[in-house]
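See structure below.
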Amino acid sequence: MQPPAPIRLLSSDLQNQIAAGEVVERPSSALKELIENSLDAKATRISIQINDGGQSFIRICDNGHGIDENQLELAITRHATSKLSHIHDLQKIHSFGFRGEALPSIASVSRFRIQSALVDGEGAYLEVEYGRIIGSGHVAMPQGTIIEIRDLFSNTPARLKFLKQMTTENRKCTDVVLRFALSSLDVELEFTSSGRDIFHFLPEQSLRQRLCAVWPPQIVQNLHKIQFSENSTSISGLAGDPSTAQSRSDKILIYVNRRPVQDKIILSAIKEAYRGRILGNEFPQAILFLEVPTDEVDINVHPAKTEVRFQNERDIFRNVRTGLIKSLEENSKQIFSGTKTIGLSRPQTNTDSLPRDITTNDFHYTIKPSISSIVNSDQKFSSSKEITELYETQGTSYEVSQAPHKLPDVQYENDIKYLGQIANTYLVLSDGDAIVILDQHAVHERLLYDVIRNNTSQTRQPLLTPLELSLHSSQITHIQDIWQDLKELGFALELTSTLTVMVSAIPSLLTPSNAKSFLSDVLEDKNRNMADLWSVMACKAAIKAGMVLTPSEALSLVDAWRQLPDRYHCPHGRPTAIQWNKRELEKFFKRRT
Ligand code: ADP
Ligand code: MG
């Protein structure tokens, strides 16, 4: 057997090259480190040039405080930093850098030049090739620092191989510049890529002005201001209106104490705040700046410093969520708010005589479809026996005169006027100069969701003919998991054989066919919690798109809906109503710009 290789201390070059693997993963991470250094040096003007996605060339020039000629060599020495001298300093760090790793790492995997001047005219430079100094001298330059990196990773082919296409590396560099541009509004920033001017941000621009360079104006206009503080944490920034949510998650930018970070806790708090306002597969735009006392956040989690760890994650989560919700609520478009009256657009002889009731005084709160519309809309109920059964199972037989909702008497003087139903799905109303369109299903769903949520134990209706469900074995396990929840919702269930469940009572909000479809839906995928069950139930019980509503039904529905405090989205996050005011209509018809 061969003797083992002796243990040796790695040369400093090799140490740096290995460290570079973590600190500079790609050109954009090198660029990030350089911008951080310029900002730490209190630069007010930074100009950046890259070629070929940063791989062949990066140059950054700042007007910061500069580096003393005698310290240039230290600047590219590993673990040498001017920003930290004691471990306790880590708890009160206000600079981006503190590890003293970036410059030596970059210089070890590239052809590198640093030149710097403490005062105008008197600069010095160092030339470094793959970690070795190959030249030094004096140079005339204004106060500040210029760093040039050529042929990044050309001595580490393994790393070079992992770089993506030039366009991707280019985009990543652009993203990095933008991230800092958005948090350092007082700094002028110029960015050129392969000779093309990409950004020129002027000092003292607002966040919105800077965002206009990259996001469509329609999105920027619809960003709402966030300003919230609780105990020692403060949150500021801008959050997108739910109506402009989109399918990509890359428009959520998070900063902690000005440092751009990626953070799962803050991200999930943002998602929570938008929950119910946007769809499950959508993401909002948000730029959040968190200010947290430096001793309550650990920034030394990873060499790239893009992750942080909070001492009190719960508080951070709660504050971000609360701050965002507050901003969204303050800025949500108010539709039919206040004490306006609501009525038909023209006097109606009340011949439609309320075939269904939308009761608000007991918690049925439901539009019970008339017998004829059940036959039309639900083919499963084709025999009249079943229909009779359905109404008998509802406890009392259905009578038109029971409907308690009273139509407003004066029709012409109402502020809000019902104009009609479009595509048997959308209810069109006018409110002064504004036009409002509601989705009847979404509106009713929202309404029922609240009813269900506020009545933890639902009333149940026994079925004359119990439903028998034949299930797969996996569904049996699943139904047992939510057995108690289903009982609370009003179901009476019994396992009659290993694979059969007998349903002898259902929630009174559902018809037997709705109940069946509810159960098959909730048994389809696992991990449904109670709130999911409520929303599926609301969906099943709600009037559907394509159902004809009489004006009085439509009015009752809208009137009940507008009493809800949180009404602009259905439980799945789809909008319930849209509104255009005169101004918006004028813009749309290009009467005004
Ligand atoms: P760190 O930023 O963690 O201290 P770096 O390797 O990035 O480590 O930089 C090493 C040192 O070089 C810094 O502490 C700083 O003193 C100096 N330095 C780097 N870049 C600049 C710059 N643009 N302007 C002034 N000083 C700089
Ligand atoms: Mg640094």
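The values are calculated or read from the model by the stated rules, or taken from the named source; none is laboratory data. Predicted model only: the values in this text are computed from it and were never measured. Note: ideal-geometry Cβ built from the backbone for every residue, glycine included; neighbour counts use all protein chains shown.
General observations
- For region 24-45, residues that are within 13 Å of ligand 2 (Cβ to nearest atom) and β-branched (Val, Ile, Thr) total 2.
- Some residue of region 13-23 being surrounded by 21 or more Cβ atoms within 10 Å (Cβ to Cβ) and under 34 Å from the mean Cα position of the chain (by Cα): yes
- Checked against the criterion of being of a type in the set (A, V, I, L, M, F, W, C) and out of contact with any Pro (no Cβ under 9 Å at 6 or more places or on another chain), the candidates 542, 531 yield just one match: 542.
- For region 432-451, the candidate set comprises residues that are crowded, with 19+ Cβ neighbours inside 10 Å and touching a strand residue (DSSP E or B) at 6+ places or on another chain (Cβ under 8 Å); within that set, the residue that is farthest from residue 541 (Cα to Cα) is 436.
- Residue check for residue 63: closer than 15 Å to residue 173 by Cα and surrounded by fewer than 22 Cβ atoms within 10 Å (Cβ to Cβ): no
- Residues in region 517-559 that are within 26 Å of residue 421 (Cβ to Cβ), part of a helix (DSSP H, G or I) and more than 30 Å from the chain's Cα centre (by Cα): 517, 551, 552, 553, 554, 555, 556, 557, 559.
- Subset of region 500-512 [aliphatic (A, V, I, L, M) and modelled with pLDDT of 90 or more]: 501, 502, 503, 505, 506, 510
- Members of region 536-593 that are surrounded by fewer than 18 Cβ atoms within 10 Å (Cβ to Cβ) and of a type in the set (Ser, Thr, Tyr): 593
A quick yes/no check of all residues on (1) among the aliphatic types (A, V, I, L, M); (2) in a helix (DSSP H, G or I); (3) within 16 Å of ligand 2 (Cβ to nearest atom); (4) free of Cβ contacts under 8 Å to residues at least 12 places away in the same chain:
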site	(1), (2), (3), (4)
1	yes, no, no, yes
6	no, no, no, yes
22	no, yes, yes, no
59	no, no, no, no
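- Residue within region 58-81 that is farther than 21 Å from residue 136 by Cβ and modelled with pLDDT under 85 present: no
- So residue 145, is it buried (at least 18 other Cβ atoms within 10 Å of the Cβ), touching a residue at least 60 places away in the same chain (Cβ under 8 Å), of a type in the set (S, T, N, Q) and within 20 Å of residue 60 (Cβ to Cβ): yes
- Boolean, residue 178 is more than 26 Å from residue 49 (Cβ to Cβ) and at pLDDT 95 or above: no
- Sub-7 Å Cβ pairs linking a first residue in region 463-489 that is closer than 23 Å to residue 534 by Cβ to a second residue that is part of a helix (DSSP H, G or I) and hydroxyl-bearing (Ser, Thr, Tyr), at least 6 apart or interchain, are 463/393, ordered by first then second residue.
- Sole exception among (1) touching a His at 6+ places or on another chain (Cβ under 8 Å); (2) in a strand (DSSP E or B); (3) not β-branched (Val, Ile, Thr) for residue 509, by number: (2)
- Condition met for residue 36 (within 12 Å of ligand 1 (Cβ to nearest atom), under 37 Å from the mean Cα position of the chain (by Cα) and surrounded by fewer than 20 Cβ atoms within 10 Å (Cβ to Cβ)): yes
- Any hit, region 233-249, residues being over 15 Å from the mean Cα position of the chain (by Cα), without any contact (Cβ under 8 Å) to a residue 60 or more places away in the chain and surrounded by fewer than 17 Cβ atoms within 10 Å (Cβ to Cβ): yes
- Qualifying residues in region 39-59 (those that are surrounded by fewer than 23 Cβ atoms within 10 Å (Cβ to Cβ) and of a type outside the set (S, T, N, Q)) - the one nearest to residue 110 (Cα to Cα): 57
- Residue count for region 82-127, restricted to those that are modelled with pLDDT of 90 or more, within 12 Å of ligand 2 (Cβ to nearest atom) and either of a type in the set (A, V, I, L, M) or surrounded by fewer than 15 Cβ atoms within 10 Å (Cβ to Cβ) (or both): 3
- First in region 91-110 and β-branched (Val, Ile, Thr), second anywhere and in a loop (DSSP other than H, G, I, E, B) and within 6 Å of ligand 1 (Cβ to nearest atom), Cβ under 9 Å, 6 or more apart: 93/83
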